[in-house]
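> Dropping the structure in here first, questions after.
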Amino acid sequence: MTNRWLSASLAVLLALAPAVALVPRTVQAAVESQPPRYKSRAEIPAAYKWKLEDLYPDRAAWEADVRKTEALADQFAAHKGFLGKGDDHLRQAFADYEALSRIYEKAYVYAKLSLDVNAGNQDLQSVAGRAERLHAKIAEKTAFFEAELLKLPKRTMEHYLESETLAPYKRYLQNLLKNSTHALSEEQESLLAQMSTITKVPENTYRMLSKDLRLPTVRDEQGRTVQLTRANYGAFLENANREVRKGVYQALTDTYRKYQDTYAQTLAGEVRANNFYAKVRNYPSALEASLHGNEVPTRVYDELLATVRANLPLLHRYVDLKRKWLKLDDLHTYDLYLPLVKGDTRYIPYEEAKKMVLTALKPLGDDYVQALQGAFENGWIDVYATEDKRGGAYQWGAFDGHPYVMLNYRGTLDDVSTLAHELGHAMQSYYTNKTQPYLTAHYPIFTAEVASTMNEHLLFESLYKQATTKQEKIRLLAQWLETFRNTIFRQTQFAEFEKKIHELEANGTTLTAEVLNNTYRELNAAYYGPSLVNDEQNGLEWARIPHLYYGFYVYQYATSFAASAALAEQVQREGATAVQRIKDQFLSAGSSKPPLEVLKAAGVDMSTAQPIQAAMKQFEAHLSELESLMKN
């Protein structure tokens, strides 16, 4: 029984995924204020920290559940050999699995969330490691379940599928039969479960190498020596001084070039592992193996690549507009992130950010807004950064608890957008957990980013309606187009690269740094066209993409952006009718139906290229509007 166990590790992947920012740091007037700075969690007021005590009041309670989980995992083996003995036997096995899974999930989430806000705490590192080992033990102890079910006589399985007693588990059994050609023997499943920690080595090595990578010092616009970090790299690329941007980009790529062979080995190891699992489980490719688990046909992936490829002239047009507006004879990668107009970088207090998000999301209805207010007031959100807190932002949680949102709020409008994004995840979890039973309460990755980016689209529309000057509108449109570039065009480029390198490895090509550099650089030239100089350094970008270790994950940013744009447009056009449909058919659906069916019922048919093409038309319309504003 693997699907629910995956939810914990998938949530970790979602945690690492960047929020898509649809709004720039602009529009509002400047105010005199600075973000609070805290050296430790003890200094942060309780109102700005999540309440993990809602999961467990203390460590003793967590320890008790860990011991209970271990006992339940051992006891689950008693079902071995009895799954074909009748409806009541199998119903009890499912009930015991659910009890085991729910208590384990709660303990796992608590351990990981505790560590993420106290990353240097060695005791919590040990706790998190214990949770990982527990995960492996449970996977091993339950490995027999699917193998035994698949060995049952056809008549027995057909009876189970029609049994009223087993009705809550019908979808699980249907999925199991669909996956039957890819299931292995009990011994093989157990062995693969034990190998899970080994096959995580490439990703773990990549993460540690990137964490330990020492970046060089660079010169700022005043000629001062500054330590380059991942935190200030983005700000440097927005610097008006071109020599600063060029120097920083060169310094970063030179550093990665020194370690390109090591990075190539880690990525090659990830690709080999993916191809190995696909071969062992009788899939024609690693791509199909990855998408099959989410019930997404490979044509969705292929149509995304083909549709984006067909619309690359729009990206070329945007890039050339940027080159002309910035008055550059030639445009390099280090110029791409320079804003078309100078943005307003004023500090937005968190309390104001809450009001902005609540205002933007009012179209989603009173119950949605009331639930958001509860999230702000009842310990769902961990707001401020400390030195010991993990970077980035994410939403996670256990079925038997409310959602949790981690931020590192600095007070920019990007951070407001991130807040709206992560609350979109939280609200999808909230509605799903209220509606679905445990085994169908998790939602697949394919739909996970739709609710979050829908919130960002609504935030953008709210801010654009409030814009009163041409300059404000230019800023908002420029940022929207830049987000589109990064989310649909760029993520699709990553997706095409990921597909290519898996095919190369499967066909016997060794993925050396040279092969990876050349493959990526060729793609970059095709995507950005003649207006962007295809510098040799561009080929090294693959070494900085952590999502290449998530198994064909990135394409879903593009599909989700397109789907969420369509849903946001329906909310604005249809009002309450669309809102109710989206809540009932999408936000509350979990995995009760395949993700394409869920989205189609909500109003978006992702089985065709139409939503991607519609998004491209929206890009073209906004691009034309921006061009018009710039002329006048």
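The values are calculated or read from the model by the stated rules, or taken from the named source; none is laboratory data. What you are looking at is a predicted structure, and each value in this text was computed from that prediction instead of being measured. FYI the Cβ positions are ideal-geometry reconstructions off the backbone, even for glycines, and counts take in every protein chain you see.
> Aliphatic (A, V, I, L, M) and farther than 24 Å from MET208 by Cα, is that true of LEU504? Before you say what the answer is, go through the steps one by one.
Numbers: aliphatic (A, V, I, L, M): yes; farther than 24 Å from MET208 by Cα: yes.
For LEU504, the condition - aliphatic (A, V, I, L, M) and farther than 24 Å from MET208 by Cα - is met.
> Next question. Working only within the range 505-514, note down all residues that are in contact with a helix residue (DSSP H, G or I) (Cβ under 7 Å, 6 or more places away or on another chain) and part of a helix (DSSP H, G or I). Walk me through it before giving the result.
Residues of the range 505-514 in contact with a helix residue (DSSP H, G or I) (Cβ under 7 Å, 6 or more places away or on another chain): 505-506, 509, 511-513.
Hits for the range 505-514 are GLU505, ALA506, ALA513.
> Can you name every residue in the range 140-166 that is at pLDDT below 90 and among the basic types (Lys, Arg)?
Residues satisfying the conditions are LYS151, LYS154.
> Name every residue in the range 166-208 that is outside any helix (DSSP H, G or I) and of a type in the set (Ser, Thr, Tyr), in order of residue number. Break it down into steps so the answer makes sense when it comes.
Within the range 166-208, the subset outside any helix (DSSP H, G or I) is 166, 179, 183-185, 200.
Hit for the range 166-208 is SER185, nothing else.
> Tell me which residues, restricted to the range 387-414, are of a type outside the set (Ser, Thr, Tyr) and in contact with a Pro (Cβ under 9 Å, 6 or more places away or on another chain). Talk me through it step by step, then tell me what you get.
Step one: of the range 387-414, the residues of a type outside the set (Ser, Thr, Tyr) are 387-393, 395-403, 405-408, 410-411, 413-414.
GLY392, ALA393, GLN395, TRP396, GLY397, ARG410, GLY411, LEU413, ASP414, listed by residue number.
> Condition first: of a type in the set (A, V, I, L, M) and not in a helix (DSSP H, G or I). Now tell me which residues in the range 594-632 satisfy that. Break it down into steps so the answer makes sense when it comes.
From the range 594-632, those of a type in the set (A, V, I, L, M) are 596, 598-599, 601-602, 604, 606, 609, 612, 614-616, 621, 623, 626, 629-630; that's our starting set.
Within the range 594-632, VAL604, MET606, ALA609 qualify.
> Do you know which residues across the range 170-221 are among the aromatic types (Phe, Trp, Tyr) and in the same structural domain as ALA131 (by TED's automatic domain parsing)?
From the range 170-221, those among the aromatic types (Phe, Trp, Tyr) are 172, 206; that's our starting set.
Passing the criteria: only TYR172.
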